[in-house]
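See structure below.
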Amino acid sequence: MGNTPLNVSALRDRLHHLASREGISQWDLGASRSNSASVQVDRGEAKQLKASQRSSITVRVWNQQGLVGITSTSDLSESGLEKALMGAHQASAFGNSDEVPHFSPLANAPTEPLDRPLKDSEGIQSLLKHLLEAEKELLSRHPAIETVPYNGLNEGSSERIYLNSDGALRQAQRTQASLYLFARAEEQGRKPRSGGAVRLALGSTDLDLKGCIDEAAERTISHLNYRPIDTGRYLVCFTPEAFLDLISAFSSMFNARAVLDGVSLSKPDTIGQQLAVPFFNLIDNGLHPAHVGAMPFDGEGTPTRALRLIGDGHLESFLHSEATARKFGVQPTGHAGLGAKVSVGPDWFEVHRSEGCRPPADHLDHRKTQDSFVMIESLNALHAGVKASQGSFSLPFDGWLVKGGERISVEAATVAGDIRELLRSIVQIEADPIVTHEGVCPHVWVDGLAITGEA
């Protein structure tokens, strides 16, 4: 671990002293620090070596009138903290009386213990050596693989703290490493094809380099023999990564902030309504053992917890900060970020089917079914092709047309639809959950999706 942990007790005492001196009775502070080292390579040479240190601090002060001022800085020194506290105090005179944040009522509640041992860093030269070897190995897998244009190996450590004048004192550290390899294959007279893979771990020594190379090679090679696909409606099987990407693109459905701001498909009274097929379940589980980026509390100090968003097809919960929870008359859920405007966002999705429930197409299995279907491996241009507040999507994808067990790569095509219709058109959620770098999800089958082939 590159960082020595901050002395949060001393930091709290210092802030308490400064606040008392200035007659400030209510304040809080959220801070994060990170160290990282990353490398990229290109054809056997180092392309980029980068080391970075970042820190950010947000201080909030409530004045005698109950208005809030906010200051952000990257200076964790005593003078930096004093300036931030004073700046927030001065800014509180101009605070918005219509929306005054409070402390989270759970900022002092116990947090769940996380079994996330901190890992030592290997160092940038070791990262470079591993990545050069990975690139060389991937290039050797097929004559058509000429380059690995997108690649990276990263390791780092981070720390999060939260303090407030009511005695809250939170501190957590983590280490994390990541590897991505994205290969490009070219054959004469054919369009270039590509495929990639990602791996995450608590430390760089734990990364599955071989698995990442194997997956990137297999995905790239499998797309070499491609054909156009006819426009029409198809039975579609989403890989876990593709389905999680789609759900994440529409996560504003579960975001209480987005609901209150009127930019969500959901309304305040949508809770309890049927949103998906009765055997579909979606959990936001920031504490999942496979989630290497887990933190025990959010930006407001609220403990992280598993939250069922959709249960047996019904919308059960929204993701909440303190402010949105207060408006809905519920408890915060541990999904807030601390800033000038408190944001809300998901941690780590988990999809599974209801126990004891047989989906209508329970026979479907992506490994052995003989039915004709389209396998969507990955979705592209998510930022451009998703209209989250309307529910619609139109997305280019990489995948295969599967007939009688034979996979034929789709040359170029777009899948389009409405997320609400899609969730109601699920016909199979396979039994085996797969851990990805984005969450846990089985293969998910949807019937009647519109696919447009390239003209």
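We did not get these values from a lab; they are worked out from the coordinates using the rules stated. It should be emphasised that the depicted structure is a prediction, and the values quoted were computed from it without experimental measurement. Note that we place each Cβ from the backbone using ideal geometry, even for glycine, and neighbour counts take in every protein chain shown.
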Exercise for the section: In Å³ and rounded to a whole number, note down the convex hull volume per residue for the Cα atoms of segment 225-455. Expected result: 125
Fill in the blank from the handout: The percentage of Cα-Cα pairs in segment 305-420 separated by more than 19 Å is 67
Handout entry: Separation of alpha-carbon centers, segment 15-80 and segment 329-364, rounded to whole Å
Key = 29
Problem - Filter on Lys50/Lys210; Lys267/Lys368; Lys47/Lys387 - keep pairs with C-alpha separation over 30 Å - result: Lys267/Lys368; Lys47/Lys387
Handout entry: Using alpha-carbon coordinates, inclination of helix 209-222 to the longest axis of the chain, degrees
Key = 40
Problem - Gyration tensor verdict on segment 8-219 (Cα atoms; rounded if a/c is under 1.5, prolate if a/b is larger than b/c, oblate otherwise) - result: prolate
Exercise for the section: Could you run the Karplus curve 6.51 cos²θ - 1.76 cosθ + 1.60 with θ = phi - 60° over segment 356-367 and give me ³J(HN,Hα) per residue in whole Hz, x for Gly and Pro? Expected result: x, 9, 9, x, x, 10, 5, 6, 5, 9, 4, 7
Practice task
Output ³J(HN,Hα) for segment 311-323: one whole-Hz value per residue in order, computed from phi by the Karplus curve 6.51 cos²θ - 1.76 cosθ + 1.60 with θ = phi - 60°, and x for Gly and Pro.
Solution key: x, 6, x, 9, 6, 9, 8, 10, 7, 10, 9, 4, 5
Completion exercise
Residue by residue through segment 248-262, the couplings from Karplus 6.51 cos²θ - 1.76 cosθ + 1.60 with θ = phi - 60°, in Hz, x for Gly and Pro, are 4, 5, 10, 5, 4, 4, 10, 9, 4, 4, 5, 4, 5, 7, x
Completion exercise
Any GluC sites (Glu not before Pro) in segment 285-375 that lie in a DSSP loop and have at most 12 other Cβ atoms within 10 Å would be Glu355
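So for each of 424-436, 211-223, 36-48, 332-344 I average, over its residues, the number of other beta carbons within 10 Å; can you give me the resulting order with the highest mean first?
On the way: 424-436: 17.8, 211-223: 19.5, 36-48: 15.9, 332-344: 21.9.
Ranking, from highest mean packing down: 332-344, 211-223, 424-436, 36-48.
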Fill in the blank from the handout: Between the Cα axis of helix 124-139 and the main Cα principal axis of the chain, the angle (0 to 90°, nearest 10) is 20
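Is there a quick way to get the dipole size of the chain? I mean about its Cα centre, with the Cβ of Lys and Arg at +1 and of Asp and Glu at -1; what is the value in debye to the nearest 20?
Rounded to the nearest 20 debye, it is 520 debye.
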Practice task
With semi-axes √(5λ) of the Cα gyration tensor in Å in mind, check (1) 39, 28, 19; (2) 55, 27, 18; (3) 42, 29, 18 and report the label derived from this structure.
Solution key: (3)
Problem - Calculated log₁₀ intensity ratio I(q)/I(0) where the Debye formula runs over C-alpha points of segment 41-95, q = 0.19, 0.24 Å⁻¹ - result: -0.65, -0.85
Completion exercise
The distance between the Cα centres of segment 393-455 and segment 115-150, in whole Å, is 30
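May I ask you to sort His89, His437, His363, His102 by Cβ crowding, counting other Cβ atoms within 10 Å and putting the fewest first? Walk me through the numbers before you get to the answer.
Numbers: His89 21, His437 18, His363 12, His102 15.
In order of increasing Cβ crowding within 10 Å: His363, His102, His437, His89.
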